[in-house]
1. When only residues in segment 65-81 that are open to solvent by less than 40 Å² (accessible area, probe 1.4 Å) and farther than 11 Å from Asn127 by Cβ count, which is farthest from ligand 2 (Cβ to nearest atom)?
2. If you go through segment 486-497 one residue at a time, do you hit one that is within 27 Å of Tyr404 (Cα to Cα) and open to solvent by 10 Å² or more (accessible area, probe 1.4 Å)?
3. Tell me, yes or no, whether segment 96-106 has at least one residue that is farther than 19 Å from Asn43 by Cα, surrounded by fewer than 17 Cβ atoms within 10 Å (Cβ to Cβ) and away from ligand 1 (no atom under 13 Å from the Cβ).
4. Give the number of residues within segment 198-253 that are assigned to a helix (DSSP H, G or I) and either modelled with pLDDT of 95 or more or at negative phi (or both).
5. Being open to solvent by 20 Å² or more (accessible area, probe 1.4 Å), of a type in the set (Gly, Ala, Ser), in contact with a Phe, Trp or Tyr (Cβ under 9 Å, 6 or more places away or on another chain) and touching a residue at least 12 places away in the same chain (Cβ under 8 Å) narrows it down to one of Ser428, Ser434, Ser439, so name that one.
6. Report, by residue number, each residue of segment 9-41 that is surrounded by 11 or more Cβ atoms within 10 Å (Cβ to Cβ) and modelled with pLDDT under 50.
7. Looking at segment 42-55 only, could you name the residues that are open to solvent by less than 50 Å² (accessible area, probe 1.4 Å) and within 16 Å of ligand 1 (Cβ to nearest atom)?
8. If I ask for residues that are within 15 Å of ligand 2 (Cβ to nearest atom) and either surrounded by fewer than 15 Cβ atoms within 10 Å (Cβ to Cβ) or more than 17 Å from Gln216 (Cα to Cα) (or both), which ones from segment 239-257 would you list?
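The values are calculated or read from the model by the stated rules, or taken from the named source; none is laboratory data. Model, not experiment: these values are computed from the prediction. Using ideal geometry, Cβ is built from the backbone for each residue, glycine included, and neighbour counts are taken over all protein chains shown. Just the protein is used for accessible areas: all its heavy atoms, side chains included, with ligands, DNA and RNA removed. Shrake-Rupley method; radii C 1.70, N 1.55, O 1.52, S 1.80 Å.
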Amino acid sequence: MGFSAFILSLLIVISTGYPSLVTSKNGELNSLMDLKLNLDPHNRFLTSWTVSGYPCDGSFEGVACNDMGQVANISLQGKGLTGKMSPAIAGLKHLTGLYLHFNSLTGEIPKELSNLTELVDLYLNVNSFSGHIPPELGNMPALQVLQLCYNQISGSIPTELSSLKKLSVLALQSNQLTGAIPASLGDSETLIRLDLSFNHLFGSIPAKLAEAPNLQVFDVRNNTLSGNVPPGLNRLLQGFQFKNNLALCGVGFPSLRSCRDLDHTNLIEPKTDIPETANVNLNCSQTYCSKSSKSRRGYYAVGIILVSIVSTVMGFFLFSHYRRRKQKLGSSIDHFSNSVKTMNTTMVETTTQRRKNGSPLINLEYSNGWDPLADGRLSLHVFSQEAMKRYRFNLLEIETATQYFAEKNLLGKGKFSATFKGVLRDGSVVAIKSITKASCRSEEAEFANGLNLMTSLRHDNLVRFRGFCCSRGRGECFLIYDFIQNGSLLRYLDLKADDVRVLEWSARVAIVRGIAKGIEYLHTNSVNKPSLVHQNISAEKILIDHHTKKPLLADLGLHKLLTNDAVYSSLKARAAMGYLAPEYTNTGRFTEKSDIYAFGILVFQILSGKLQPGACSKRLHELIDGNLCGKYLENEAERIAEMALNCTRENPDERMSINEIVKELDSCCSCSSSAV
Ligand SMILES: *[C@@H]1O[C@H](CO)[C@@H](O)[C@H](O)[C@H]1NC(C)=O
Ligand SMILES: *[C@@H]1O[C@H](CO)[C@@H](O)[C@H](O)[C@H]1NC(C)=O
């Protein structure tokens with residue numbers, strides 16, 4: 001007996017018990033070992049996982065198998081694991097539960113997880129995952145609980161998650177998520193708990209969420225949300241938590257103030273170190289561009305893009321709370337682990353508009369000699385030789401103009417850009433905006449097209465684009481614009497009564513009209529240029545000519561040059577300032593009508609003389625700037641205010657078009673029209 005009987009029985013077990021599973025089991029073993037290699041490289045915590053072992057004989061710590069001898073659950077919460085999660089996890093095809101919370105896992109969440117078609121529970125909360133939520137996770141047919149809270153995940157919430165037909169718990173709190181709340185989550189018939197608190201989300205709360213039939217808990221505390229709270233959410237009672245947001249309003253919630261006419265305008269004071277002009281132009285021959293700067297002064301500006309100065313200031317100060325992740329865990333986990341229920345309802349298929357996510361290309365460098373317009377390359381397709389001559393500056397010219405980026409010439413700095421004042425050889429004064437390479441689109445053709453577009457824009461109410469220069473040596477691209485002496489419209493808002501800058505009525509009308517004309521030009525298709533949405537209209541982007549008070553739109557087409565991440569960071573500021581049209585939340589897209597919305601807000605600002613005309617009532621005299629001391633034409637004011645109201649309608653289809661606006665201004669306000 002003894003030994004030979006043991007061997008025999010072992011053989012029997014092996015050959016009869018699991019005959020067909022040997023290969024897949026080896027596959028699973030390999031996957032497990034690969035996981036271990038990354039999570040516990042020094043073999044300190046998962047000593048029971050060995051190459052020669054059997055995952056399903058009960059010896060592998062934290063591994064549970066189903067009746068078929070396939071790995072079904074991995075429970076390794078709080079095991080002190082570190083490192084990245086291997087994509088090899090996808091090899092565990094029959095996994096139904098993955099519990100890795102309370103560890104110190106880093107890196108991105110592997111998109112390969114989406115291959116786990118039987119996975120029901122995914123607990124990755126309370127780790128140090130970073131990067132974006134892979135949109136692929138939206139393809140997991142069995143997923144019911146997605147716990148990603150208490151990590152450092154950034155980017156926006158992929159609308160694809162709305163396609164999870166069985167999802168009951170979505171816990172994303174305490175991350176660094178930004179962007180809007182996807183309205184399509186409201187289509188989910190299974191969702192019970194939705195926790196988005198302690199992130200950087202902005203925009204309004206989509207009305208659709210109130211329609212999710214099974215929703216019980218919806219938490220959006222400590223974000224930067226604004227606007228009207230859908231009244232339907234009050235059926236959740238205490239289940240709906242919304243404290244510490246930027247500017248929510250609504251009826252039916254005791255702690256919320258009611259919304260006013262202009263509830264897009266909010267309460268944040270932008271710090272106004274706004275550059276006089278926010279534009280730059282780059283134009284270098286490769287030879288010049290790739291030679292390194294003679295002086296390192298100003299080099300600190302590298303890496304900084306001035307998409308929006310305001311965004312820097314506001315974007316992050318609101319959220320500088322750094323939570324003590326681990327401590328809070330206990331409660332959050334218990335909180336959510338109860339509600340795992342299977343619901344076999346099918347979900348209405350959502351129209352998922354892909355929102356702009358951060359570009360994965362952001363860190364890629366242009367392959368060679370980063371100069372999208374280097375001689376003999378793309379330039380031939382996009383630019384005529386003549387345009388090249390006219391718009392291309394070389395680095396030496398830029399350095400000379402700015403006195404080697406002297407501090408005294410620095411007009412402003414943002415997260416991704418810096419703007420310098422400069423004087424060109426012909427004596428003209430320019431504003432030179434430098435953008436770091438990392439913030440420029442990595443696709444050279446796109447970038448060159450963007451530049452080409454910028455050179456094609458010419459209108460009395462647009463800041464003139466003078467040229468560009470891309471320098472590989474400096475890792476920067478420069479955009480050169482006319483310098484506008486007196487800065488932006490911001491300088492004319494929130495003034496004291498005796499300030500000489502207080503604009504008189506006719507100047508205000510002329511400014512409104514000038515802005516409208518500039519937008520009309522942008523929105524109109526012509527032989528020389530396609531129609532273009534500005535996307536970033538705000539008081540900061542309206543420069544006011546010192547003498548004539550003529551308004552000039554700045555940063556036209558800039559979004560065509562920047563990575564989505566860079567564009568995104570300016571969005572947040574705009575949302576906070578109230579310029580972001582409410583439908584952006586649903587569509588994630590900018591249209592002519594979203595420009596019109598921002599224009600409407602601007603008009604209110606100009607009429608009221610205030611950055612935040614929040615308290616304006618329906619009464620005209622309360623809206624109009626008191627600094628005018630009643631010196632305005634009432635009938636004009638009334639029509640302009642009505643027009644602004646129309647522009648800021650919730651429903652984009654109800655807003656006027658820019659042509660209608662220009663017509664209305666021409667007909668209503670001829671008395672004041674000669675000012676500019
Ligand atoms: C896997 O975990 C789930 C949830 O805890 C449990 O219901 C299920 O029985 C587990 N499966 C196995 C095979 O242990
Ligand atoms: C939430 O917001 C409030 C108010 O802004 C702030 O006092 C609090 O510290 C924030 N909480 C966290 C954890 O950041």
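1. That would be Gly69.
2. Yes, segment 486-497 has at least one match.
3. no
4. Number satisfying all stated conditions: 13.
5. Numbers: Ser434 fails: open to solvent by 20 Å² or more (accessible area, probe 1.4 Å); Ser439 fails: open to solvent by 20 Å² or more (accessible area, probe 1.4 Å).
After ruling out the rest, the residue left standing is Ser428.
6. Ile14, Tyr18, Leu21, Val22
7. Pro55
8. Taking segment 239-257 and keeping what is within 15 Å of ligand 2 (Cβ to nearest atom), we get 241-248, 255.
Lys243, Asn244, Asn245, Leu246, Ala247, Leu248, Ser255, listed by residue number.
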